[in-house]
Each structure stands twice: as structure tokens, then as C-alpha cells.
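Undergrad: Mind looking over this structure? Questions follow.
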Amino acid sequence: MTSITRIASAVIVIALGFSAGAFGAYRYLDSATATAALRRDIGPWQTMKERAGFTDALYIAQIAKIGPFPNPPGEAIYFLAREDSSGAPLMTSKTYRVCGQPLPARFWSIAAYDAAGTFFANDAHRSSYTNGNVGMDAPNHFCITVGPAQSAENWLPTNGDGKAQLLLRLYQPAPDIWSVLTVQAVPSITEVLP
């Protein structure tokens, strides 16, 4: 066997080993074990546990799968909802009311996405509401309608036929945010029955 053949064989073995390891790590990040180690469920919303941060390699890997440039937990907290408050999957063809009080953060937003994480195309050019533009229906209380039929106020459009998801983002949350994150504090998600 020539030295070039040996080098080529070694490179192939290393590449196969690296590929198998990367594939295994990626699969682990989707596993229930990895998710349970980091996830905190609060009503219909899922977020990272308080201890998760940029010093936690599993946290960094989970965030890297989602997208680049994540903010540390002291700067931003993200909540994802794929189910309503009763536990039923969010569907693009149904209408929901997302109601609650603003959480203690300098800035927050609620956005609607399809199952692939893409905003819904719509003539209203609306993809989210923030603490700066949401209409309050009572002092310190808001309701946002999410669904395919246009609503008079605070409407986040959906379309198509499939699953939907909501993303609640808190930027510069209050230092005591983890102590106030309860089912009563996060917005409820209720299906509007016809």
C-alpha cells in the first residue's frame, strides 16, 4: 500500500467518524433527553430553564440549531407555543385568542409562524405585535386574535392548512423574571369556536 493510499484511507476514516459523530450529536439534540434537560413548560409556552446559559454547551448547541446570533438569557428570553392552553396543536385554519398581561421586560413581541418557522404572507403585512403597538382591551391587558379571518383589532393572520406556532420574545427582562413566570403570568391561548 502506498503512502498516498494510506493517507486517503485515513482521511476517509476520519471523515466518516466525524460525520457519524456530528449526525449522532444532531440527533441527540432532538431527543427527549436533551430537550428535558433544558426545557421549561409554562402553560402552552416552552422556554429554556433558568440555569441554561452561554456556559452550558448543550444550551449553545440547541440554540445553534435554531439560528445564528442568540442572545444570552439576561438579554432575551424566548417562548415557543405549538399548542393552545388545552393542549391541542395550533392549526393555521383555526382562530385563537392570545390574551394576557405584558410580562416584565423592556420590549416584548408575539409573532405567528407556520410549522417551518416562516412568517405568514398576508395583505396586512403583519407578522407580530409588540408592547409598542398592541391595543390594550383593558388596563394592562391585551388580546391578540390569531387566525385566517381578519379581525378588527390586534389580528395576526395565518393561512394555509397545517400547524402553526407562536413565538413570544422578551428583551431585557426584569432581573426577577424567573420568579414570576407562572401559568397565570404568561398569555393564554384559547381556540375561538365558530
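Undergrad: I'd like the carbon and sulfur percentage of the solvent accessible area for region 134-194, probe radius 1.4 Å, heavy atoms only, ligands and nucleic acids excluded.
TA: Working: 1800 of 3170 Å².
The computed percentage sits at 57.
Undergrad: Let me ask something additional. Heavy atoms of the protein only, probe of 1.4 Å, neighbouring chains included. What is the accessible area of residue 2 in Å², nearest 10?
TA: Counting only protein heavy atoms, the figure is 80 Å².
Undergrad: Can you pull the semi-axes for region 103-150, root of five times each eigenvalue of the Cα gyration tensor, sorted largest first, whole Å?
TA: Details: eigenvalues 93, 37, 17 Å².
The equivalent ellipsoid of region 103-150 has semi-axes of 22, 14, 9 Å.
Undergrad: Turning to a different aspect of this structure: Report, by chain and number, residues whose modeled amide H sits under 5 Å from the one on residue 107, excluding near sequence neighbours (fewer than 5 apart, same chain).
TA: Those lying under 5 Å, H to H, from residue 107 are 171.
Undergrad: Given a 1.4 Å probe and heavy atoms of the protein chains only, how would you sort 94, 163, largest accessible area at the top? Don't skip to the end; give the middle numbers.
TA: Working: 94 80, 163 120 Å².
Correct descending sequence by accessible area is 163, 94.
Undergrad: Expressed in whole Å with the largest first, what are the equivalent ellipsoid semi-axes of region 71-194 derived from the C-alpha gyration tensor as the square root of 5 times each eigenvalue?
TA: Numbers: eigenvalues 107, 46, 42 Å².
Largest first, region 71-194 gives 23, 15, 14 Å.
Undergrad: Probe radius 1.4 Å, ligands and nucleic acids left out: which of 18, 107, 142 has the largest accessible area, and how do the rest follow? Don't skip to the answer; put the middle values down first.
TA: Numbers: 18 150, 107 80, 142 5 Å².
The most accessible residue leads, giving 18, 107, 142.
Undergrad: Given a 1.4 Å probe and the protein chains all in place, what does the accessible area of residue 12 round to, in Å² to the nearest 10?
TA: 100 Å²
Undergrad: When all protein chains stay in place, what accessible area (Å², nearest 10, 1.4 Å probe) is found for residue 48?
TA: 40 Å²
Undergrad: Compute the length gained on full extension between residue 172 and residue 13: take 0.36 nm times their separation in residues and subtract their Cα-Cα distance, giving the result in nm to one decimal. Numbers along the way, then the final one.
TA: Numbers: separation 159, 0.36 × 159 = 57.24 nm, distance 4.69 nm.
Result: 52.6 nm gained on full extension.
Undergrad: Where does each of 125, 141 land when they are ordered by accessible area, with a 1.4 Å probe and the largest first?
TA: On the way: 125 165, 141 55 Å².
Of 125, 141, the descending order of accessible area is 125, 141.
Undergrad: Quick check on region 131-194: what are the equivalent-ellipsoid semi-axes from the Cα gyration tensor, as sqrt(5λ), descending, whole Å? Don't jump to the answer; show the numbers that get you there.
TA: Numbers: eigenvalues 123, 45, 29 Å².
After scaling each eigenvalue by five and taking roots: 25, 15, 12 Å.
Undergrad: What accessible area per residue comes out for region 118-194, rounded to a whole number of Å², with a 1.4 Å probe?
TA: 55 Å²
The values are calculated or read from the model by the stated rules, or taken from the named source; none is laboratory data. Since this is a predicted model, take the numbers as computed values, not measurements. The accessibility values were calculated without ligands, DNA or RNA, using every heavy atom of the protein model including side chains. Shrake-Rupley method; radii C 1.70, N 1.55, O 1.52, S 1.80 Å.
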